[in-house]
Amino acid sequence: MQARAVAATSTALLGAVALLLPSSPVHAAEDGTPRPEIVAHRGASAYAPENTLAAVDKAAALGAEWVENDVQRTRDGELVVLHDDSLQRTTDVEEVFPDRAPWKVKDFTAAEIARLDAGSWFDPAYAGARVPTLEQFLHRVEHYDQKLLLELKNPQLYPGIEAETLKTLSNEGWLDRSHVRDRLIVQSFSADSVRTVHDLKPAVKTGFLGTPPVADLPSYTAFADQINPSHGSLSASYVAAVQGLRGPHGKRMEVFTWTVNDAATARRVAGFRVDGIITNTPDVVRDAVGG
């Protein structure tokens, strides 16, 4: 009787631990073939201005379960969603603030950035779209019950952005068990930044953007759950090398590759058995690989 009780307790504890660990994202088709997750890159950015709320709306309309975005920080400490470290390419900042070149995000306040049109450059139909704050972006993703691949962009320009981003995620409910388990990944091109996120919040799933040499991959297992390379640098053997290792949560490491926008490339990387495909055209990739 006592042995059975101990066994039951151990099973319950293992089950509880499993609930806290990030889950593998790969779906399987009816024939058992793994199907990669499809991640809408900066939202459905082939069809709406990147990183805007409209791009999230479009991704949701296309049925994308995952959305990727980029986070940077304003002069007065607000976290905003924007890819470039300059506002020049995707807003009308040159017209609104003509004497503020080179128009770096870090040199503008949140209120100043909120004045900018972030949609007209893409299409007049999106005139008036704004650069969202991270908080606004999280609200929109939550509205659609989507999952988030969040990139810390240019962390070297924003000391402490890892802790600030985690604080915003926590304030908005994104660090609870259900989100951490299978709805959130934080990634960066900076290994130090990824390591910092892992050290601050070990339960959060993390990804390193890049293609480290195979010999160096074991050094990433202490702090990265994923290695996320450009599709042009990818091979079946590299994917297998990553997936042959176990990350900080004791599960096999994963590969999300970027940025794949055509059917042929999508089928090629799916054939490598990647775990996720990051794309501006989630509908095209979904139709190609059945994700």
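The values are calculated or read from the model by the stated rules, or taken from the named source; none is laboratory data. Keep in mind that what you see is a predicted model, and the values were worked out from it rather than measured. All Cβ positions, glycine included, derive from the backbone under ideal geometry; neighbour counts span all protein chains shown.
Taking S188, is it surrounded by fewer than 17 Cβ atoms within 10 Å (Cβ to Cβ), without any contact (Cβ under 8 Å) to a residue 40 or more places away in the chain and touching a strand residue (DSSP E or B) at 6+ places or on another chain (Cβ under 8 Å)? Let's see the steps before the verdict.
Details: surrounded by fewer than 17 Cβ atoms within 10 Å (Cβ to Cβ): no; without any contact (Cβ under 8 Å) to a residue 40 or more places away in the chain: yes; touching a strand residue (DSSP E or B) at 6+ places or on another chain (Cβ under 8 Å): yes.
No; evaluated as a whole, the condition is false for this residue.
Restricting attention to segment 96-143, the residues that are within 11 Å of L53 (Cβ to Cβ) and among the aromatic types (F, W, Y) total 2.
Looking at segment 28-42, is at least one residue assigned to a loop (DSSP other than H, G, I, E, B), crowded, with 16+ Cβ neighbours inside 10 Å, touching a residue at least 60 places away in the same chain (Cβ under 8 Å) and of a type in the set (D, E)? Write out each step before concluding.
Of segment 28-42, the ones assigned to a loop (DSSP other than H, G, I, E, B) are 29-33, 36, 41-42.
Add one more test, that the residue is crowded, with 16+ Cβ neighbours inside 10 Å, and what stays is 36, 41-42.
Checking the rest, the ones that are also touching a residue at least 60 places away in the same chain (Cβ under 8 Å) come to 36, 41-42.
From the residues that got through so far, the ones that are of a type in the set (D, E) too are none.
Within segment 28-42 (the criterion being assigned to a loop (DSSP other than H, G, I, E, B), crowded, with 16+ Cβ neighbours inside 10 Å, touching a residue at least 60 places away in the same chain (Cβ under 8 Å) and of a type in the set (D, E)), the answer is no, since none of the residues qualifies.
Of the residues making up segment 134-150, those that are surrounded by 23 or more Cβ atoms within 10 Å (Cβ to Cβ) and either in a strand (DSSP E or B) or of a type in the set (F, W, Y) (or both) number 3.
Remark: pairs (first residue in segment 151-176, surrounded by 13 or more Cβ atoms within 10 Å (Cβ to Cβ); second residue basic (K, R) and in a helix (DSSP H, G or I); Cβ separation under 9 Å; 6+ apart in sequence or on different chains) = N154/K106; L157/K106; Y158/K106.
Tell me, which residue of segment 51-77 that is of a type in the set (A, V, I, L, M, F, W, C) and in a strand (DSSP E or B) is surrounded by the fewest Cβ atoms within 10 Å (Cβ to Cβ)? Among those that are of a type in the set (A, V, I, L, M, F, W, C) and in a strand (DSSP E or B), it is W66. Among the residues of segment 92-111, just one is assigned to a helix (DSSP H, G or I), over 20 Å from F122 (Cα atoms) and touching a helix residue (DSSP H, G or I) at 6+ places or on another chain (Cβ under 8 Å), namely K106.
Table: residues versus (1) part of a helix (DSSP H, G or I); (2) closer than 29 Å to A59 by Cβ; (3) over 19 Å from the mean Cα position of the chain (by Cα); (4) at pLDDT 95 or above.
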position: P218; (1), (2), (3), (4): yes, no, yes, yes
position: I227; (1), (2), (3), (4): no, yes, no, yes
position: A240; (1), (2), (3), (4): yes, no, yes, yes
position: G250; (1), (2), (3), (4): no, no, yes, yes
position: T257; (1), (2), (3), (4): no, yes, no, yes
position: T265; (1), (2), (3), (4): yes, yes, yes, yes
position: V269; (1), (2), (3), (4): yes, yes, no, yes
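The set of residues from segment 112-124 being of a type in the set (D, E) and either in a loop (DSSP other than H, G, I, E, B) or under 26 Å from A46 (Cα atoms) (or both) comprises D117, D123. Apart from one condition, F223 fits all of (1) hydrophobic (A, V, I, L, M, F, W, C); (2) buried (at least 24 other Cβ atoms within 10 Å of the Cβ); (3) within 27 Å of N154 (Cα to Cα); the exception is (2). Restricting T257, T279, T196 to residues that are within 17 Å of N69 (Cα to Cα), among the hydroxyl-bearing types (S, T, Y), surrounded by 21 or more Cβ atoms within 10 Å (Cβ to Cβ) and free of Cβ contacts under 8 Å to residues at least 60 places away in the same chain narrows the list to T257.
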